[in-house]
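Undergrad: The structure that follows is given in the form of structure tokens.
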């Protein structure tokens, strides 16, 4: 009887071991399959037609522009399976595509002539929700991170005078000249922030103000500001140290208390008549700030380090070293960054590597 019991125990352990080994093999197989599926593909594009990558569409796909003699198309390209589909077509060149905060709406601007623009607000299904033409030499736009259907548009004219318009696509609302500065950031649902630059003479830095666009109340937040960015809980300022040459501070502020909770000393680089505010991206969901920090300010063509700052903890992480300061755009899931003046590269934030995604032929 005892021998039978022992044999049963041995059999049971053997069965468990086999099942465990089988499960581990299946897990490894799935992991390998996932790794294969997640290998980023390169889009092969016609050099004569390809203009640039303009945006993420989903976690796994991007949008790029093809401009031809017959018009333009906005192409959706899947980075993992390499497939392409046309998302939007028009008879005129596409000059800008700007997604809203959650990549559910896209501002698409075409240029029928040098001083004319037509804008389309298009949803994920490619349906045009709003269309409007206007005279303009150039455009600046900021989607609201607090209301996905709102944005402020600045229209520049040939003499660089400008008008600003607040649009709400859902409400069908347009409000002219909500703020009398051309460049601003959203600071709250009904507030914008801006640096009050002297229009008569160049300045290295200037005061930062916040304006309530409903009550028109304006409040000064800080002096000696070079650049600024916001999330619902924090805002980030790059400020000039008045008593230190070519040195500044990158400060993280609590948005409710309006006080500094973390700060980092960073080198500054002059650009034309101002200090450079390097390209950046900020995530409202993860409360993270990505930017380029100068690595060698004495070099005529300085290199930079791409860094990530956790706005909650203040943790600083270096992603890339000795790279160029070029535009970046964070993916919806926060795992990748489009990088380059044509967004022709992807930065893998986990692997800390740069991957080309466009091959012109």
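Undergrad: Given the options 41, 271, 51, state which has the largest fluctuation in a GNM of the chain using a 10 Å cut-off (strictly under) for Cα springs.
TA: Maximum fluctuation in the GNM of the chain, among the listed residues, is at 271.
Undergrad: Taking Cα centroids, how far is the stretch 341-357 from the stretch 175-193 in Å?
TA: 32 Å
Undergrad: Helix 2-37: angle to the longest alpha-carbon principal axis of the chain, degrees 0 to 90, nearest 10?
TA: On a 0 to 90 degree scale, this one is about 30.
Undergrad: Still on this structure, I have one more. If neighbour count is taken as other Cβ atoms inside 10 Å, put 65, 358 in order from fewest to most.
TA: On the way: 65 24, 358 21.
Going from least to most buried by this count: 358, 65.
Undergrad: Using only Cα atoms, locate the centre of the stretch 104-167 and the centre of the stretch 283-337, then give the distance between them in Å, rounded to an integer.
TA: 28 Å
Undergrad: Once the Cα atoms of the stretch 189-325 are picked out, what are the Rg and Dmax in Å?
TA: 15.1, 47
Undergrad: Quick one: among 187, 257, 222, which has the greatest mean-square fluctuation in a GNM of the chain with alpha-carbon springs under 10 angstrom?
TA: For the chain, modelled as a Gaussian network with Cα springs under 10 Å, the answer is 257.
Undergrad: Is the shape of the stretch 103-215 best called rounded, prolate or oblate, per the rule: a/c under 1.5 gives rounded, else a/b larger than b/c gives prolate, else oblate, with a ≥ b ≥ c the square roots of the Cα gyration tensor eigenvalues? Mind dumping the intermediate values first?
TA: Details: a/c = 2.25, a/b = 1.31, b/c = 1.72.
Because a/c hits 1.5 or more and a/b fails to exceed b/c, the stretch 103-215 counts as oblate.
Undergrad: Would you calculate, for the chain, the mean residue ellipticity at 222 nm contributed by helices, counting each DSSP H stretch of 4 or more residues as -39,500 (n - 2.57) and dividing by all residues, to the nearest 500? Present the calculation step by step, with values, prior to reporting the outcome.
TA: Values: 1 runs with 36 residues, N = 361.
So the helix-based figure for the chain works out to -3500 deg cm²/dmol.
Undergrad: Looking only at 130, 183, 277, which one moves most when the chain is put into a Gaussian network model with springs between Cα atoms under 10 Å?
TA: Most flexible of the set in this elastic network: 130.
No value in this document is a laboratory result; all are computed from the given coordinates. Everything numeric here is computed off the predicted structure, so don't read it as measured data. In this analysis, Cβ positions are derived from the backbone assuming ideal geometry, glycine residues included, and neighbour counts consider all displayed protein chains.
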